[in-house]
Amino acid sequence: MKIQAGGGDSIVRVRTQWKRERPDLDTSPMETIGRILRIQFLVGARMRRLFQQHGIDSGGFDVLATLRRNGAPYRMNPTDLYKELVLTSGAMTNRIDGLERQRLVKRHPDPSDRRGTLIELTAEGKDLVDRVMTAHMEGEAEVVAHLPHGDQRHLADLLQKLLTGLEEEP
C-alpha cells in the first residue's frame, strides 16, 4: 500500500501538518508511537487477510496458537486461556464456541475439577494452526525484510525495552 510519494512516510506528513497548525506542540513521540501504530494497522490488515484465507479470524488464531504453543496434550482451561490472551471470560467463551463449531477445539471435563472444563486442540485444529503459523511467520519475515538483519535485531532489542517498561507499570 503506497501512501507517501517522495521521501518519508505518512508520519512525516502528519508531523509536518501539526507543525504548521501547532508549532508549539512537540510531536516527536509520533516518530515512535505513531509509526508503531501505523505498522500495527498495516500488518494487522495483512494478518486478517491471511487468517481469512484459512477460514479463521485473528481471535480464533490466538486461541489455537496459544493451545498449540503450550504443548501436548494441547489443553488448557478457559480461565488460563482468557488470562493468557487478556480477554474477558465472555469473550473467551464466544471464541471457543466458534472454534468448537468449526471442529478446531473440543471441550472435555477437567479430571482435576468436577465443575471445570478443558479446551483441547483437535487434530484438525492442530493441522490448521501449524499451516497458518508457518504462513504467518513467512508473512512477518516479508514485513521485516525491509530492514537489514542487523537493524531488525536492533529494532527488536529497542522494542523489547519499551515493552518491558510498559509491562512493568502497575
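Against the conditions (1) part of a loop (DSSP other than H, G, I, E, B); (2) surrounded by fewer than 12 Cβ atoms within 10 Å (Cβ to Cβ), Ile56 satisfies every one except (2).
Please go through the stretch 131-163 and pick out each residue that is under 16 Å from the mean Cα position of the chain (by Cα) and closer than 30 Å to Pro73 by Cα. Once the filter is applied, which keeps residues that are under 16 Å from the mean Cα position of the chain (by Cα) and closer than 30 Å to Pro73 by Cα, the stretch 131-163 yields Val132, Met133, Thr134, Ala135, His136, Met137, Glu138, Gly139, Glu140, Ala141. Could you check how many residues of the stretch 9-51 are closer than 28 Å to His136 by Cβ and among the β-branched types (Val, Ile, Thr)? The number of residues fulfilling the criteria is 6. For the stretch 105-117, how many residues are closer than 11 Å to Thr79 by Cβ and modelled with pLDDT of 90 or more? Number of matching residues: 1. Does Leu67 satisfy being touching a residue at least 40 places away in the same chain (Cβ under 8 Å), assigned to a helix (DSSP H, G or I) and in contact with a strand residue (DSSP E or B) (Cβ under 8 Å, 6 or more places away or on another chain)? In short, yes. Set side by side, the residues Arg107, Arg15, Arg103, Arg114 differ, and just one is among the charged types (D, E, K, R) and part of a helix (DSSP H, G or I), which is Arg15. Here Arg13, Arg95, Arg22, Arg48 are screened, and the one residue that is more than 28 Å from Leu155 (Cα to Cα), exposed (fewer than 15 other Cβ atoms within 10 Å of the Cβ) and basic (Lys, Arg) is Arg22. Counting only residues that are part of a helix (DSSP H, G or I), surrounded by 13 or more Cβ atoms within 10 Å (Cβ to Cβ) and among the hydrophobic types (A, V, I, L, M, F, W, C), the stretch 117-134 holds 4 of them.
Has the stretch 75-97 got any residue that is under 16 Å from the mean Cα position of the chain (by Cα), in a helix (DSSP H, G or I), farther than 17 Å from Lys126 by Cα and of a type in the set (D, E, K, R)? Within the stretch 75-97, one or more residues are under 16 Å from the mean Cα position of the chain (by Cα), in a helix (DSSP H, G or I), farther than 17 Å from Lys126 by Cα and of a type in the set (D, E, K, R).
The values are calculated or read from the model by the stated rules, or taken from the named source; none is laboratory data. Everything quoted here is computed from the prediction, not taken from an experiment. Virtual Cβ from ideal backbone geometry, glycine too; neighbours counted across all protein chains shown.
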